[in-house]
Protein chains: 2
Amino acid sequence: MENKSETCQPTCSVDYAFRRIGGKYKGRILWYLHEHKTLRYGALKRILCDVTTKMLTQTLRELETDNLINRKVYHEVPPKVEYSLTETGRELIPFIEYLRQWGDRQIEKENKNSQTYQL
Amino acid sequence: MENKSETCQPTCSVDYAFRRIGGKYKGRILWYLHEHKTLRYGALKRILCDVTTKMLTQTLRELETDNLINRKVYHEVPPKVEYSLTETGRELIPFIEYLRQWGDRQIEKENKNSQTYQL
DNA sequence: CTGCATCCTAATGGATACTG
DNA sequence: CAGTATCCATTAGGATGCAG
């Protein structure tokens, strides 16, 4: 009884997953790539709007290394690079969608409350 | 066409949600509280095993402020404090469960690959 | 257009000692 | 037992300039 292994759990798949989609922009990037199917570097930068080139590049590289997004380079002048979700990346979409809806509800709640207090 | 609003999206519910469950321990804490229904401070510390009292307390306070967990104090000696999920916190469980399974699959994949290479 | 390099600040997290 | 308080290390993130 009461024996649901209350012991140290160093390797945890929850932790593993959160490390892969944590950070300031990863969730949004995955979501926008899902909405638009494919996005160029500059387009992503415009949508995220508060991101620097350094952070965007760094984040995209991490997502690529973790095999969540594809990077397709067109060897043209000027250069053109398109990003899209991999199959593994697409597997995360249902959960991000779920999370997005939850976030929406919370934001609505907060707005209602502040309106109440303002009366 | 191609007009899925490729414009700046400053307030994003995906971003909102990630800020609430981001951080090194929040996901795991919510998950363990779901598994055990209720956990005392010391029990949480043992399960997380690599957390300091400072981080644990700080994280629990944030989750409490965001109304994701309950904190119940028993005024005894020695003191006893129990943590549990709120209704809002429970709403996050299906999605953490999804993420956990996804993480499991990825970890398995990685193991298979490294075994292949070791042959 | 799509970055990379450098330098810097802010935020996060950790070690340790102490307390009601 | 369940924390606080203090100080320190690490990392995440940002500003700016330059380049293929």
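The values are calculated or read from the model by the stated rules, or taken from the named source; none is laboratory data. Please read these numbers as outputs of a predicted model, since none were measured by experiment. Quick reminder, even Gly has a Cβ in these numbers, built from the backbone with ideal geometry, and neighbours come from all protein chains shown. Accessible surface areas use protein heavy atoms only, side chains included; no ligands, DNA or RNA. Shrake-Rupley method; radii C 1.70, N 1.55, O 1.52, S 1.80 Å.
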Next on the checklist: Could you go through segment B:27-41 and let me know if any residue there is open to solvent by 80 Å² or more (accessible area, probe 1.4 Å), under 14 Å from the mean Cα position of the chain (by Cα), within 16 Å of DNA strand C (Cβ to nearest atom) and charged (D, E, K, R).
Outcome noted: no
Item to check | Filtered residues of segment B:92-119 (kept if surrounded by 10 or more Cβ atoms within 10 Å (Cβ to Cβ) and not in a helix (DSSP H, G or I)) | outcome: B:L92
Checklist outcome for this item: Selection from segment A:64-91 of residues away from DNA strand C (no atom under 11 Å from the Cβ), farther than 13 Å from A:W31 by Cα and surrounded by 12 or more Cβ atoms within 10 Å (Cβ to Cβ) yields A:D66, A:N67, A:N70, A:T88
Next on the checklist: Take the conditions more than 30 Å from B:L33 (Cβ to Cβ) and open to solvent by less than 20 Å² (accessible area, probe 1.4 Å) and apply them to A:V14. Does it pass?
Outcome noted: no
Item to check | Pair list, Cβ < 8 Å and 6+ apart or interchain, from segment B:63-79 residues that are at positive phi and at pLDDT 95 or above to residues that are assigned to a helix (DSSP H, G or I) and within 13 Å of DNA strand C (Cβ to nearest atom) | outcome: none
Checklist outcome for this item: The residue that is nearest to the other protein chains (Cβ to nearest Cβ), considering only those in segment B:78-119 that are within 16 Å of DNA strand D (Cβ to nearest atom) and charged (D, E, K, R), is B:E82
Checklist entry - Any idea how many residues of segment B:4-58 are more than 8 Å from every other protein chain (Cβ to nearest Cβ), within 11 Å of DNA strand D (Cβ to nearest atom), part of a helix (DSSP H, G or I) and not hydroxyl-bearing (S, T, Y)? => result 8
Checklist entry - In segment B:61-70, is there at least one residue being within 12 Å of DNA strand D (Cβ to nearest atom), more than 14 Å from every other protein chain (Cβ to nearest Cβ), assigned to a loop (DSSP other than H, G, I, E, B) and of a type outside the set (K, R)? => result no
